[in-house]
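Each remark here refers to the structure printed beneath this line.
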């Protein structure tokens, strides 16, 4: 008799994967999530897929971006909206603040102590450490 090994997965997976995995001879221990768990796991999945896109080479970037988009769509739907609303918000932000075509990179900012700008950055020290 051979040894049976078990591996912890503990993450949201695509709907068709359990059947694919069973077809590969794996035993799958999966369950459906409730609404709160689903939203939480989708947010984790978004980070996972975004990290994979960041690490992707030129050949696999489109695949990883497709995964990110799939999670974005699911997250929008689970939040009670849809991709159309996300796209409308994207376009509104673009009209107000622009896109990324200009490739603008901001190295740092300076703000007068006590100003609204300084307060914004001081409230986010992990994101914007003081130099």
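Read the figures in this text as sums done on the coordinates, not as results from a lab. The model shown is predicted, which means the values in this text are computed figures rather than measured ones. Backbone-built Cβ (ideal geometry, glycine too); neighbour counts: all protein chains shown.
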- Quote the convex hull volume per residue of the chain, based on C-alpha atoms, as a whole number of Å³. 218
- Item | Cα-derived Rg over Rh, computed across the stretch 78-131 with Rh taken as Kirkwood radius | 1.12
- How high is the relative contact order of the chain, in percent, with contacts defined as C-alpha pairs under 8 Å that are six or more residues apart? 14
- Message: How would the stretch 33-98 be classified by its alpha-carbon gyration tensor: rounded, prolate or oblate, with rounded meaning a/c under 1.5 and the a/b versus b/c comparison settling the rest?
- Response: oblate
- When 64, 112 are arranged by how many other beta-carbons sit within 10 Å of their Cβ, fewest first, they go 112, 64
